[in-house]
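Inspection log for the structure reproduced underneath, given as structure tokens.
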Amino acid sequence: MRYVARGHDGAITKVVSEAEGGATEEIFKEDPELIAFVTEGGAEPALRAYLASSDAELLRVLEDLVNVLIDRNIVLLTDFPEAAQRKLMQRNSVRRKLQDF
């Protein structure tokens, strides 16, 4: 976790690893605003890298959401195209096997 201080315009002016003085607002190291500050405005490549690296995490969130909807009978597995059904069932099978380890 990082802590930031902000100027009158709300922009980040300082980043520290521990809360101090005016830098008491917690910010995650992956926050796009922090990346832009650290890269001195050259944030586009860093932001693109962040999006790419967070894709797997977001995929897991969406997978969990689909499973919750199926478990609650809000959506049926058969509502999905066959290819998506196979992929969901394969991933569920692998997750069950991993839980056994």
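The values are calculated or read from the model by the stated rules, or taken from the named source; none is laboratory data. Fair warning: this is a prediction, and the values are worked out from it, not measured in the lab. Here the Cβ is made from the backbone with ideal geometry for all residues, glycine too, and neighbour counts use every protein chain on show.
Return yes or no: is Ala19 at pLDDT below 90, surrounded by 11 or more Cβ atoms within 10 Å (Cβ to Cβ) and within 17 Å of the chain's Cα centre (by Cα)? No; evaluated as a whole, the condition is false for this residue.
Residue count for region 22-42 satisfying the condition of being surrounded by fewer than 14 Cβ atoms within 10 Å (Cβ to Cβ), modelled with pLDDT of 85 or more and not acidic (Asp, Glu): 2.
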